[in-house]
Amino acid sequence: MRKLHDGIEVLIYHFLTGNLTPEERMKLDEWLVLPGHADLFRRICDKERLLQGTLRYDSYDKEDAWRRLERQLREARVTEVGNVGRRRIGKRWWWAASLVVPLCVAAWLLTNREEKPLALAENGRTEIVPAMSGARMLLPSGEVVDLTNEGEGDLIFQDGKLVQEADGVMAYVGDTLGQEVRYNEVQTPRGCEYQIKLPDGTMVWLNAASSLRFPSVFAGDCRRVYATGELYFEVARDEDKPFIVELEDGYSVRVLGTEFNLRSYEREPRTTTLLEGQVRVGGPAGQVVLKPGQQAVDLKDGKELFVREVDVNSVVAWRRGVFLFENARLEDIMEEIGRWYDVEVFFENSAIRDERFSVEMRRHDSFAEVLKLIERTGMVKISINQNNVFVK
């Protein structure tokens, strides 16, 4: 039986339970490059085999079984430290992994792990579908409310309400009766997008895996919100109250009335792209003022913030329902596609991460069609196992 590389068992365990960090993802990708490892990973993560292994699981004490699994994993990690343990690690970890396989599905069910439902193609196999309109709102009380733009109707909260307007857009109307201003947060998971109108009339589009934190009413001398991910703003003009978007690391965008695209995903440079009006972008590396057609790029190192001319149509193509990549790295392309279709992408050949492509695709095409377009270059081969995509 094939021996797992030291520590890879923990990475697979974290992947199956949805707790894989970006650093662990890189280590897992490096391991997948080695001969035979990709096939082994597919077999371990095969959801059909996982489900078959849990047919009798309901008859067991789930919490006790999960505790036993975690105990064995801890013991195996301790055993790995000793020299004797290193000689036995293969056998012990394969035994622990055999517990991971049937129990992780139960763990997903027990913890209500949120996933976009999988559709079935005509042949009965799982089909990966593009993102849908939807989000969740975290209220000041801690309550989480599911949102959708389709047939939602009005939603009443303690500090205000979401009202569905004639064009289907959900507009937040705050309660202004002298109460304390409290913040709500709209979050789009991977595989979802959303559009919302803020209390001042500002329109915001949220791409997949993004968030916007905003107050029930804009009190004081400015309109301040907090954002992550990728968002497109059409800011309602109010010269007496500048609109300020705050991000992490002291980065902010200050505007009066304008249209701009803000992108701030992990492991990517932070960018602000201006379409209309004027914005001032600031952070630890300094401040810049943008004109339409310019983009501020923050490398997140606290040392460099620079401005460049860009094709704004390419930057905001996602708002038009299009993927538009110009000489982009394959890894960046697959990262974007992964967020949109809610899939996990693994590279079996690290060398192809930096291959560059120029491609335009409709974001609401089937996932199979998108992959076919990439494969037509003849440079890569792509295989799919449930929601896992392997590039080689």
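The values are calculated or read from the model by the stated rules, or taken from the named source; none is laboratory data. Nothing here was measured: the structure is a model prediction, and the numbers come from that model. Virtual Cβ from ideal backbone geometry, glycine too; neighbours counted across all protein chains shown.
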Does ALA328 qualify as being assigned by TED's automatic domain parsing to the domain that holds ASP365 and either at positive phi or surrounded by 15 or more Cβ atoms within 10 Å (Cβ to Cβ) (or both)?
-> yes
When every residue in the stretch 9-37 that is crowded, with 17+ Cβ neighbours inside 10 Å and aliphatic (A, V, I, L, M) is compared, the one modelled with the lowest pLDDT is LEU16
Quick check, is GLU266 under 23 Å from ARG308 (Cβ atoms), among the charged types (D, E, K, R) and under 27 Å from the mean Cα position of the chain (by Cα)?
-> yes
Is there a residue in the stretch 153-171 that is under 24 Å from the mean Cα position of the chain (by Cα) and modelled with pLDDT under 85?
-> yes
Within the stretch 367-383, of all residues that are surrounded by fewer than 16 Cβ atoms within 10 Å (Cβ to Cβ) and touching a residue at least 24 places away in the same chain (Cβ under 8 Å), the one farthest from HIS37 (Cα to Cα) is ALA368
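Can you confirm whether GLU193 is modelled with pLDDT of 95 or more and within 27 Å of the chain's Cα centre (by Cα)?
no
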